[in-house]
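The values are calculated or read from the model by the stated rules, or taken from the named source; none is laboratory data. Predicted, not measured: the structure shown is a model, and the values here were computed from it. Counting neighbours? That spans all protein chains shown, and the Cβs are built from the backbone with ideal geometry, glycine included. Side chains are part of the model used for accessible areas, which takes the heavy atoms of the whole protein and leaves out ligands, DNA and RNA. Shrake-Rupley method; radii C 1.70, N 1.55, O 1.52, S 1.80 Å.
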Amino acid sequence: MFALLPFGLFAGTVVQPDSAYLIGYSEANGQGGLRFAWSVDNDNWYAIGDNFSFLNSDFGAWGGQKRMFDPYLYQEENGRWHCVWSLNDTIQQFAHAASDNLYEWDRQAYPVVMDAPGNVLSPEVHLSGQAFLVSWRSDGPGAEGVYQLQTDNWSDFSTTEPAAENARRNDRKLIEIAGKERFGNVHRVAWETVDDLIKHYEWMQHHNAERAETMAEDPVRFAGLEALTAEITLQPDQSKAISDKLMGIFFEDISYAADGGLYGELIQNRDFEYDPIDKKYNDPNWNAQMAWSTDGDLDWEIRTDEPIHENNPHYASLNVTGKNAALRNLGWDGIPLQAGASYDLSFFARRPDGRGTLTARLVAPDGSVLAEQRVRSIGKSWTKLTTTFAPERGIDSAQLELRFDKPGRIDLDMISLFPQETFMGRKNGLRKDLAQTIADLNPKFVRFPGGCVAHGDGLANMYRWENTIGPLESRVPQRNLWNYHQTAGLGYFEYFQFCEDIDALPIPVVPAGVPCQNSIMGGHGQQCGVPMEDMDEYVQSVLNLIEYANGPADSEWGKKRAEAGHPEPFNLQYLGVGNEDLITDIFEERFRMIYEAIGARYPEITVIGTTGPFYMGTDYEEGWELARELDIPMVDEHYYVPPGWMVNNQDFYDKYDRNGPKVYLGEYAAHLPGRPMNVETALSEALYLTAVERNGDVVEMTSFAPLLAKEGKTNWNPDLIYFTNTEVKKTVDYYVQQLYGQNAGNEYIPSQVNLSDGNRDVRERVGVSVVRDEATGDVILRMANLLPVAVTASVDPAGLDLRGSATLHVLQGDPTDRDATPTTSEIELGSEVTYEMPAYSFSVIRVAAGK
Ligand code: AHR
C-alpha cells in the first residue's frame with residue numbers, strides 16, 4: 001500500500017522500501033536540466049520536486065543554448081553515475097558529467113565526435129570491459145546511422161566509428177508522471193538513493209526560501225517585536241590580523257563605463273570603427289558613420305585604403321563640393337562643456353588633392369557658436385593636427401563641427417576632444433568627477449578590465465592587453481560583448497596609471513585561454529579554448545604583461561611602458577587568470593600552462609584563480625579543487641545574491657580552511673526583485689561585510705560589482721554608481737562601500753553579542769565587527785541593524801580604552817529608500833559605551849587613538 005503513496009508521505013515514518021525504481025529525464029524542449037522520478041512498482045511514478053533540476057547543461061550561452069535532451073544514466077559497480085545527453089540536433093558534440101550521488105556533479109565534457117553535418121542524438125553509455133562505450137544516432141544528411149566510441153577517462157576518446165543498431169541497449173522507456181509522458185532509462189536503486197535526492201530537493205527548497213526573505217515581510221516576521229538591547233563584549237585578547245586590502249573596486253567596461261563614461265573622450269566613434277557586429281547586426285543604425293552627421297555641400301563615405309594604421313582601418317573620406325560643408329559629431333548624446341574650461345581637439349587629416357584648412361567649432365543645439373578655431377596645414381599625407389577650445393559658455397549638449405570651405409577630398413580619422421581638466425590632469429585621462437567618486441571609496445585595489453569583458457564571448461573577442469597600449473591610433477578597437485564598441489582608449493597603461501593615481505594596487509584579469517562560458521559568437525562557449533598550438537604564444541603574452549608592468553625600462557615590454565611616460569614599474573603584485581569560467585578539462589589544461597609559466601618566471605606574482613559564477617555548484621567545487629591541487633594562492637569568487645542569502649549565510653567563510661588558498665570576493669551584490677539599490681540592499685551588504693571582515697584572515701579582498709553604469713545605457717542593474725554626461729549619482733550601497741573603505745582596519749577584535757531576543761531571525765539581523773587600524777591606532781566599531789526596531793548596545797571594551805571623542809557615521813532609512821545618505825557627527829564616549837542603533841541602520845564609530 002505504502003508504495004502508492006506520493007513523495008513526502010514517508011517522511012517521519014520508518015516505513016520505507018528497500019529499493020525503488022529511478023528514472024532521469026528532461027523536458028521535451030531541453031530546458032530545465034535533469035529531472036528525477038521514482039516508483040516502487042515501475043508503473044506508478046512520482047516526480048522528485050516540482051520541476052526541479054538535479055543537473056543543468058552548461059554548454060553554450062545562457063538562454064536558448066543551455067539544453068539537455070535525452071539524458072541517459074549509467075551506474076558503475078562502484079556506485080559512480082555517468083550521465084550523457086544530447087546538446088541539440090545540429091552540433092557534433094555530446095555532453096557528459098559524473099556524480100557519486102546524482103545531485104553533486106563533476107565538471108562537464110563536450111567532446112566533438114562527429115563531422116558536420118552529422119549530429120549526436122539519443123546518446124547512451126555503458127561499460128564494455130575497462131572502457132566506456134558511448135553510442136548515439138545521427139540523422140544529419142549523409143551521416144545517418146548509429147555511431148560509437150570508447151573512453152576510459154572522459155578526456156580522451158577513441159575515433160568515432162559506425163556501429164550496428166544492436167550495439168545499443170535502447171533501454172529508454174516511456175513512462176507517465178502526473179499525466180505527462182517522460183522518456184528515460186530506468187534503474188533499480190537502493191531507497192537511500194531516492195531518499196537522498198528527496199532530501200537534497202528539500203534542502204534546496206529551504207535554501208531558496210531563506211534566499212527569498214526580504215524586508216517586505218518584516219511587518220509579519222517581526223510583528224510585535226519591541227526595541228531590543230544588545231550586550232557587546234569586546235575580546236581584544238583574541239584579536240587577529242586581517243587583510244589590509246579588504247575593500248577595492250572592480251572596473252568593467254559595462255553599461256558604457258569606459259567609452260562614454262570614465263574615459264574622458266567627448267567624441268563618440270572618433271575612430272569610425274563602429275561596426276554592425278558590435279551590436280550583433282541587430283541595430284541598422286550602428287555603423288562606421290554612427291554619431292556623425294553632415295551638412296551642406298558634401299557627401300562622404302568610409303574608406304579603408306591607406307589608413308593611419310592597420311589596426312584602425314576605417315576613416316571618413318569627405319568629398320566637399322562647395323563652400324558650405326560641415327561634419328558634425330554629437331558626442332555621447334551631447335558634448336557637455338563647462339564655461340572657462342579648455343578642451344583639446346586633435347585629429348588626423350589629409351587632403352590627397354592639395355593643401356587646405358578647416359574651421360573647428362563647438363556649437364550649441366540652436367547653432368550658436370560656443371568656440372571656434374581655424375586649423376591650417378592639412379597636407380597630402382596623414383598628419384595629426386591639434387587646437388584648443390575655451391568656450392565662454394557652459395552647456396550640456398554641444399556638438400563638434402568641422403567646416404570646410406574649399407572643394408575637394410579630405411580624409412579624417414581619430415577626431416578627439418578632451419577636457420584638459422581630467423582626473424589628476426592626465427592626458428588621455430579620465431572624467432574627473434567620476435574618477436574622484438571612485439577615489440573617494442578609498443579602494444585598496446582595482447580589478448580590471450572585466451568580468452566578461454576580460455575573457456570575451458568567443459576567441460576573437462578575448463581582451464588582449466597588448467592591443468590596448470601605445471599610440472591611440474595603433475590600438476585595436478573591438479566589439480564590447482555588452483553590445484557596443486570599445487575604443488581601447490582606456491587601455492592597460494591608463495588602468496595602471498589610474499591605480500597609481502588613487503594609490504590602489506592594480507589587479508588585471510587575463511583570460512585563462514578560454515572565453516566566457518556563455519559565448520555565442522564564434523563557437524559554443526569556452527569549449528573552443530585557444531588552440532593548443534597557439535597556447536605558447538598566449539602564455540608569452542601573459543608573461544609580457546608582467547614585464548610591461550614591472551620590467552626594467554630597457555626590457556622589451558618595460559620599454560613600451562617607459563615610452564608611454566612611465567619608466568618606473570607599476571608595482572604589479574596580483575594577476576587574475578580567468579573570470580568565473582566553466583571549469584572543464586579545456587580550461588584546466590590552459591590554466592595550468594599559464595599558472596606554471598608565471599610561477600616559473602615571476603614567482604613573486606600572486607595568481608588569482610577562478611571558482612565560477614556562484615557560491616556553490618560544479619564550477620565552485622571544481623575551481624576550489626583545482627586551486628587546492630595546484631596550490632593557487634588565491635581564488636576569485638563571484639556571487640550575486642538576494643539580501644536573504646546574505647542575512648542567512650554570514651557563516652559562509654567561518655567554515656573555510658585557514659591554510660588553503662585565500663579568497664578574493666571579486667564580484668558580489670545584493671539583488672532584490674526588480675534590482676533596485678536601496679537601504680535594504682545596502683544594509684544586507686553592510687551586514688554581510690561584518691562577517692567577511694571577521695574572516696579577513698581568509699578573505700583578502702572584496703569588490704562590489706558592477707561599479708559604473710550610464711543611465712539609459714545600462715546592461716546590468718544594480719550598479720554602485722550611476723551617471724549621466726553631467727551628473728554622478730551615488731547609490732545607498734556606495735556609502736556602505738565608502739564607510740568600509742574609509743574606515744579600514746587590519747586587526748580584527750572579536751566580540752560577543754548577546755541580544756535581548758535570541759531568536760535566529762532576530763540574531764541574524766544584527767552584525768557587529770570591530771577592527772583596529774594599525775597605521776593610526778584608531779578603533780572602528782561597525783554595527784548593522786537590519787531590524788525594524790532600535791537596538792541599544794552596551795559595549796564592554798574589556799580593557800580597550802574607547803573614551804573620548806569619536807566620529808559617528810549613520811546610514812539609515814526605510815528599506816525601500818533609494819536616496820539615503822550617511823550622517824556624520826562627533827560624539828563623546830565614556831568608559832562604558834552605550835549606543836542606540838536605529839532601526840534599519842548601519843553605524844560606524846571611529847574612535848581616534850591617543851586621546
Ligand atoms: O559584473 C557583471 C558581470 O557579472 C561580469 O562581467 C561577469 O564576470 C559576471 O557574470
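Of all the residues that make up the range 653-690, how many are over 24 Å from I632 (Cβ atoms) and of a type outside the set (K, R)?
Total meeting the criteria: 21.
I'd like the full set of residues that are open to solvent by less than 50 Å² (accessible area, probe 1.4 Å), hydrophobic (A, V, I, L, M, F, W, C) and in a strand (DSSP E or B), limited to the range 142-189. Selection gives V146, L149, A163, I175, I177, V186, V189. Of the residues making up the range 672-692, just one is closer than 17 Å to A212 by Cβ and among the β-branched types (V, I, T), namely T681. Here L228, L262, L246 are screened, and the one residue that is of a type in the set (A, V, I, L, M, F, W, C), in contact with a strand residue (DSSP E or B) (Cβ under 8 Å, 6 or more places away or on another chain) and more than 30 Å from N695 (Cβ to Cβ) is L262. Exactly one residue among L73, L133, L127 is hydrophobic (A, V, I, L, M, F, W, C), open to solvent by 40 Å² or more (accessible area, probe 1.4 Å) and in a strand (DSSP E or B), and that residue is L127.
Looking across the range 617-630, not a single residue is outside any helix (DSSP H, G or I) and either at pLDDT below 95 or away from the ligand (no atom under 16 Å from the Cβ) (or both).
Yes or no, residue by residue, for (1) more than 30 Å from the chain's Cα centre (by Cα); (2) at pLDDT 95 or above:
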| residue | (1), (2) |
| --- | --- |
| P71 | yes, yes |
| L102 | no, yes |
| Y110 | no, no |
| L121 | yes, yes |
| G129 | yes, no |
| F132 | yes, yes |
| L149 | yes, yes |
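So that you can scan it fast, the table gives a plain yes or no per residue for (1) outside any helix (DSSP H, G or I); (2) out of contact with any strand residue (DSSP E or B) (no Cβ under 9 Å at 6 or more places or on another chain); (3) within 16 Å of the ligand (Cβ to nearest atom):
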| position | (1), (2), (3) |
| --- | --- |
| E533 | no, yes, no |
| D536 | no, yes, no |
| V542 | no, no, no |
| W557 | no, yes, no |
| L582 | yes, yes, yes |
| I586 | no, no, no |
| F591 | no, no, no |
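Among the residues of the range 304-343, those identified as open to solvent by less than 60 Å² (accessible area, probe 1.4 Å), in contact with a strand residue (DSSP E or B) (Cβ under 6 Å, 6 or more places away or on another chain), within 25 Å of G264 (Cα to Cα) and not small (G, A, S) are P307, I308, H314, Y315, L327, R328, N329, I335, P336, L337, Y343.
Got a number for residues in the range 384-428 being open to solvent by 50 Å² or more (accessible area, probe 1.4 Å) and touching a residue at least 12 places away in the same chain (Cβ under 8 Å)?
Here the count works out to 16.
Any residue at all in the range 361-369 that is in contact (Cβ under 8 Å) with a residue 24 or more places away in the chain and among the acidic types (D, E)? The answer is no; no qualifying residue exists. Select from the range 222-265 the residues that are open to solvent by less than 40 Å² (accessible area, probe 1.4 Å) and part of a helix (DSSP H, G or I) and write down the one among them that is farthest from the ligand (Cβ to nearest atom). Only one residue tops the list, namely P236. In the condition set (1) more than 29 Å from the chain's Cα centre (by Cα); (2) part of a loop (DSSP other than H, G, I, E, B), W716 is compliant with all but (1). Taken residue by residue, the range 190-212 has no member that is open to solvent by less than 60 Å² (accessible area, probe 1.4 Å) and within 16 Å of the ligand (Cβ to nearest atom). The residue of the range 708-740 that is surrounded by the most Cβ atoms within 10 Å (Cβ to Cβ), among those that are in contact with a Pro (Cβ under 7 Å, 6 or more places away or on another chain) and farther than 21 Å from Y840 by Cα, is D719.
G451 meets each of the listed conditions (1) in contact (Cβ under 8 Å) with a residue 12 or more places away in the chain; (2) more than 16 Å from the ligand (Cβ to nearest atom) apart from (2).
For the range 454-477, the candidate set comprises residues that are part of a helix (DSSP H, G or I) and farther than 21 Å from L575 by Cβ; within that set, the residue that is nearest to the ligand (Cβ to nearest atom) is A460. Listed by position, the strands (runs of 3 or more DSSP E) inside the range 765-814 whose residues that are touching a strand residue (DSSP E or B) at 6+ places or on another chain (Cβ under 6 Å), under 16 Å from I242 (Cβ atoms) and of a type in the set (G, A, S) number at least 1 are 766-772.
In the range 588-600, the residues that are in contact (Cβ under 8 Å) with a residue 60 or more places away in the chain reach residues that are assigned to a helix (DSSP H, G or I) and buried (at least 19 other Cβ atoms within 10 Å of the Cβ) with C-beta atoms within less than 6 angstrom, at least six apart or across chains, in these pairs: M593/V539; I594/V539; I594/V542. For the residues A116, A97, the requirement of being surrounded by fewer than 20 Cβ atoms within 10 Å (Cβ to Cβ) and touching a residue at least 24 places away in the same chain (Cβ under 8 Å) singles out A116.
Does V509 qualify as being open to solvent by less than 20 Å² (accessible area, probe 1.4 Å) and either within 16 Å of the ligand (Cβ to nearest atom) or not in a loop (DSSP other than H, G, I, E, B) (or both)?
Spelling it out, V509 is indeed open to solvent by less than 20 Å² (accessible area, probe 1.4 Å) and either within 16 Å of the ligand (Cβ to nearest atom) or not in a loop (DSSP other than H, G, I, E, B) (or both).
Applying a threshold of 6 Å to beta carbon distances and a minimum spacing of six or more residues, or different chains, the list of pairs starting in the range 282-301 at a residue that is closer than 24 Å to N324 by Cβ and ending at one that is in a loop (DSSP other than H, G, I, E, B) and of a type in the set (A, V, I, L, M, F, W, C) reads A291/L330.
Being of a type in the set (D, E, K, R), in contact with a helix residue (DSSP H, G or I) (Cβ under 7 Å, 6 or more places away or on another chain) and surrounded by 21 or more Cβ atoms within 10 Å (Cβ to Cβ) is a description that applies to R431. Screening the candidates S805, S794 for the property of being open to solvent by 20 Å² or more (accessible area, probe 1.4 Å) and over 24 Å from G741 (Cα atoms) yields one hit, S794.
The lone criterion from (1) more than 27 Å from H314 (Cα to Cα); (2) at pLDDT 95 or above left unmet by K427 is number (1).
Does D353 meet the test of being without any contact (Cβ under 8 Å) to a residue 60 or more places away in the chain, among the charged types (D, E, K, R), open to solvent by 10 Å² or more (accessible area, probe 1.4 Å) and more than 23 Å from G264 (Cβ to Cβ)? In short, yes. Of the listed requirements (1) more than 16 Å from the ligand (Cβ to nearest atom); (2) open to solvent by 40 Å² or more (accessible area, probe 1.4 Å); (3) outside any strand (DSSP E or B); (4) not small (G, A, S), Q497 misses just one: (2).
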